[in-house]
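Structure, as C-alpha cells:
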Amino acid sequence: MTFIPFALVLLIIVATIGLGIFATRKAKTASDFFVAGRSVGVLMNASAISGEYLSAASFMGIAGLVMKNGYDALWYPVGYAAGYLFLLLFIAGPLRRFGAYTIPDFAQGRFDSPMFRKIAVVFVLFIGFFYTMPQMKAAGLTMGTILGWPYWAGILVVGTVITFNVAIGGMKGITLVQAFQYWAKVFAISLPLFVLMSVFGGYNSHLGETAAALKASPRLEIGLKATVNGAEKAPLNTISLSAAEGTIIHFEHDGKYRIAKISPARKPEKGEDPISAGTFAFPVAKNAAMDDLRTQIASGKPFDIVNGADLEFATVPVSKGGQPVLKDGKPVRTGAKIEFEKGGSVTFAAAHQTSTANAGAIVPNAPSNTKWLNPFGPLSGKWGFPLLYTYSLIIALVCGTAGLPHILVRFYTNPDGRAAKRTTLWVMVMLGGFYLFTPMWGVLGRSMMPQLYVNGAYDSAVIKLPTFLENKLLGQILSGVTSAGAFAAFMSTFSGLLVSMSGAFAHDIYGRILKPKSSPEARMVAFKVAAVGVGVVSMLLGLMVETFDIATMVGWAFAIGAASYFPLLLLGSWWRGLTKYGAATGMLLGGLLSLAAIVTNMLLDKKVIVLELPNIVRALMEQPAIWGVPLSIISMVVVSKLTAKSIPADATMKMIRLHAPEEMGISENYIEA
C-alpha cells in the first residue's frame, strides 16, 4: 500500500506547484522577485518564515537526534526557537529599515565598500549550500522509505520541483507556498502523533518506562531482521555491541558479508592492554569451514562470512598491565565494534539465556537508558568534553539563527521595521508550538522501533512509526501524512535557500559586480538562470551526505552563520565604530576557519582523511562556534579600532536610519536611495 504515501506526497507537490503558479501572476518586477514588493503582512510573513525555517532538520532530524542521543538533543529545538529572541531584540527592525534586497546589500551599503559585498556574497553561498545538503538527504531518505526508490531519485524529484517554482516566481511566488507549508507541517507532525499516543500510550508513559529501568537498554524482538550497511555508507557501516551481555549475529542467506575490522566498542584509555579480534568473535558451529573462519578472525584482517553462519560476539574484560580495570569496584568490560565492508540482512540474539533474554538481544548502537536520559550523554560526551560541546552547540544555534541569509532576507519583505519585529514575535510563537511535538516522536521511536538503531536510520522514525499500527491502512495513511509533511519541510526550506542564493548571484554578482548598469529585467533573467544552476549544484551535493545526521548538518550551517554574519549584523547595526576592514577580517577569520574545521571533521568521519587528533581538537572541530564567534567579534573590534580613520563619514546618519522609527521620515530604502 505504498501508493497511499506516494499519493499524499504527490498531492503536496502538486499543491506546491499550483500555489507557486498562482502567486507568480503578481511577480512582475525585480522588487517582486527579490523582496515580494515589500508588501507581505505580519501573519503571512511569520507563517512563511516559519515554513522556511522548519526544515528537514526540524521535521525529521530532531526526532532522529532525540531517538539517537536522548536528553542532549533537546538543545536543538530550544536553540532553534531561542535564536529568534536575538533577532527580535537586535536585528529584525534595523535590518528592515535599511531596506536592501540582500544581506550583501547591507554589507556594501553600511560600509560604502563594493569589495566587502564580494566577501559577503561568498558566505551567502557557503551557508546556503551547506544548508541545502540536509534538505537533499531528507528528500532521498523520504522517497527511499515510502517507495523503495534509490537515494538519488528523491533528490532529483524535489530538486527539480523547487527549482522550477523558484525560477518562475522568485520571492513573490514562494511566500504563499511557504506560508501554506508551515500549516501543512503542523498538521503532519501533530495528527499522526496523537493517533499513535492514543493507541500505544502517551509521551509520559513511554518516558516513564525508560526511566524505570535505568540500567537496561532497548532490546530487539526475537527473530526481527535488521540491515547492516556496507562501506559505501560509512560511518553507518559500524555497529557497537553491548558490554552487558554477549550477542549472536545470524547472517541471513541473502547477502555477501565481509567484515573489515573488529575492535573494542569502548575507546581504550592510555596504557590499557590491546584486545585482539579473536578474543571477541568466534563461530557458533564447529566444522572445517568454521575452523577456517576462526583462523581468519584471529588474524585481525578483513574476512568474508558464509551465508547462514552464526557468530558469537563476547564481552571482554579490560585490563591494564595484565590486571583488570575496575570502576566502582567492578571489572570494566567492553563489547565489540564491527565495521562491515559488505552488509546485508542479519538477526540478533542474546548469546546466553537470561531473565531478560526472551525480549531479544540488546540493540546495537543504542545507548543505555541511563546515558539516554541524562544530560552530557552520547551527543555532547562523544569526545569527552560534554560541557564545552554543549555550550558551543548553544552558541551555534542561538547566534546562527541571526546569521542565516535566507531567513534574514525575508525581513525585507515586511512593509517597515515595526512590522518586522511583530513578525519575529509571531515566528517565536509558531516555532514554539511546532517544537513541542518533535521530541515526542524521538521518545516513541526509541521504545517502539529500536531496530532503527542498527543501521542509523533514526531520521526516518517520523515516517516509519505510523506503519507500526495494527491497522495497516491507517498506518499507511498516517505515514503518508508525515511523508507529505517531510516533503513540505525540505521543499519550503530549499525554496528559501534557492531564493537567497539566486538573489546573491543575480543581484549581487551579476547586477552589482559584473553588470552594474544592467536593467531590472536582465537581473530577473539572471535570477532564473542562477536558480537552475544552484538547484543542480545542490542536488549534486546532496548525493555526498547520505550518512550524516540531518539536524547535525543544519547545526553546522548555523555554526558558520554564527561566526560570519551574526557578528557583522550585530555590530554593524549597533556600533558606529565598525569599519569595513574590521568586519571583513572578522568574517573571514571566524567564518572560514569554522568552515574549514567542519569540512575537515566531515572528511575524518568519512575516513577520506585519516588523522589521529586529540579528543579536544575533534570536539572543537565538530562544534566550532565556541571559538569561531568570539574570534570573529574580537577581530572585528580590534581591527576596527586600528583602522578607525576609515569609518564612513555618514556612519552616524546611517545608525540613525537603522534605528529611528519610520514616522520620523529619516529612514529610506537602500535600493531606492
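The values are calculated or read from the model by the stated rules, or taken from the named source; none is laboratory data. These numbers come from a predicted model, not from an experiment. Methodologically, a virtual Cβ is constructed for each residue, glycine included, from the backbone with ideal geometry; neighbour enumeration extends over all protein chains shown.
Here the helices (runs of 4 or more DSSP H) wholly within the range 317-430 that include at least 3 residues being in the same structural domain as Pro567 (by TED's automatic domain parsing) and within 30 Å of Ser500 (Cα to Cα) are 386-401, 405-408. Can you say whether Val525 is touching a Leu at 6+ places or on another chain (Cβ under 8 Å) and not polar (S, T, N, Q), as far as the supplied structure shows? No; evaluated as a whole, the condition is false for this residue.
Inclusion of Gly93 among residues that are in the same structural domain as Lys580 (by TED's automatic domain parsing) and surrounded by 22 or more Cβ atoms within 10 Å (Cβ to Cβ) is warranted. Counting the residues of the range 264-302 that are farther than 20 Å from Gly322 by Cβ and among the acidic types (Asp, Glu) gives 2.
Only one of the numbered conditions (1) in contact with a Ser or Thr (Cβ under 7 Å, 6 or more places away or on another chain); (2) closer than 30 Å to Lys267 by Cβ; (3) modelled with pLDDT under 90 is violated by Pro624, and that is (3). A Cβ distance below 6 Å, combined with a sequence gap of six or more or placement on separate chains, defines the contacts here; from the range 509-521, residues that are in the same structural domain as Gly109 (by TED's automatic domain parsing) and over 17 Å from Ser113 (Cβ atoms) reach residues that are among the hydrophobic types (A, V, I, L, M, F, W, C) and at pLDDT 80 or above in the pairs Tyr510/Ala526.
In summary, Leu236 fulfils each of the numbered conditions (1) under 20 Å from Lys606 (Cα atoms); (2) surrounded by 17 or more Cβ atoms within 10 Å (Cβ to Cβ); (3) out of contact with any Ser or Thr (no Cβ under 7 Å at 6 or more places or on another chain) with the single exception of condition (3). Return a yes/no flag: does the range 578-586 have any residue that is modelled with pLDDT of 90 or more and under 18 Å from Trp627 (Cβ atoms). Checked against the condition, which is being modelled with pLDDT of 90 or more and under 18 Å from Trp627 (Cβ atoms), the range 578-586 yields at least one hit. In the range 293-316, what residues are assigned to a helix (DSSP H, G or I) and surrounded by fewer than 13 Cβ atoms within 10 Å (Cβ to Cβ)? Thr295, Ser299, listed by residue number. Scanning the range 63-110 for residues that are among the β-branched types (Val, Ile, Thr), farther than 19 Å from Cys399 by Cβ and modelled with pLDDT of 85 or more yields one hit, Val66. The residues on offer are Phe164, Phe194, Phe187, Phe180, and the sole one that is in a helix (DSSP H, G or I) and without any contact (Cβ under 8 Å) to a residue 40 or more places away in the chain is Phe194. Within the range 512-538, the set of residues being in a helix (DSSP H, G or I) and more than 16 Å from Leu125 (Cβ to Cβ) comprises Pro520, Glu521, Ala522, Arg523, Met524, Val525, Lys528.
For the range 413-426, taking the residues that are among the polar types (S, T, N, Q) and in contact with a Lys or Arg (Cβ under 7 Å, 6 or more places away or on another chain), the one that is surrounded by the most Cβ atoms within 10 Å (Cβ to Cβ) is identified as Asn414. Of the residues in the range 101-113, at least one is outside any helix (DSSP H, G or I), in contact with a Gly (Cβ under 8 Å, 6 or more places away or on another chain), on the phi < 0 side of the Ramachandran plot and of a type in the set (Val, Ile, Thr).
Looking at the structure I just gave you, is Ala526 touching a Phe, Trp or Tyr at 6+ places or on another chain (Cβ under 9 Å) and surrounded by 24 or more Cβ atoms within 10 Å (Cβ to Cβ)? Spelling it out, it is not the case that Ala526 is touching a Phe, Trp or Tyr at 6+ places or on another chain (Cβ under 9 Å) and surrounded by 24 or more Cβ atoms within 10 Å (Cβ to Cβ). Scanning the range 427-456 for residues that are more than 20 Å from His206 (Cα to Cα) and either surrounded by fewer than 23 Cβ atoms within 10 Å (Cβ to Cβ) or at pLDDT 90 or above (or both) gives Met428, Val429, Met430, Leu431, Gly432, Gly433, Phe434, Val454, Asn455, Gly456. Scanning the range 119-140 for residues that are modelled with pLDDT under 85, within 24 Å of Thr467 (Cβ to Cβ) and not in a helix (DSSP H, G or I) turns up nothing.
Of the residues examined, Ala138 is not one that is in contact (Cβ under 8 Å) with a residue 24 or more places away in the chain and either surrounded by fewer than 24 Cβ atoms within 10 Å (Cβ to Cβ) or outside the structural domain of Met428 (by TED's automatic domain parsing) (or both). Among the residues of the range 204-221, those that are surrounded by fewer than 16 Cβ atoms within 10 Å (Cβ to Cβ) and in contact (Cβ under 8 Å) with a residue 12 or more places away in the chain comprise Glu209, Ala211, Ala213, Leu214, Lys215, Glu221.
Within the option set Asp605, Asp549, being among the acidic types (Asp, Glu), touching a residue at least 40 places away in the same chain (Cβ under 8 Å) and surrounded by fewer than 22 Cβ atoms within 10 Å (Cβ to Cβ) holds for one residue only, Asp605. Looking only at residues in the range 267-292 that are part of a loop (DSSP other than H, G, I, E, B) and among the hydrophobic types (A, V, I, L, M, F, W, C), the one that is modelled with the highest pLDDT is Ile275.
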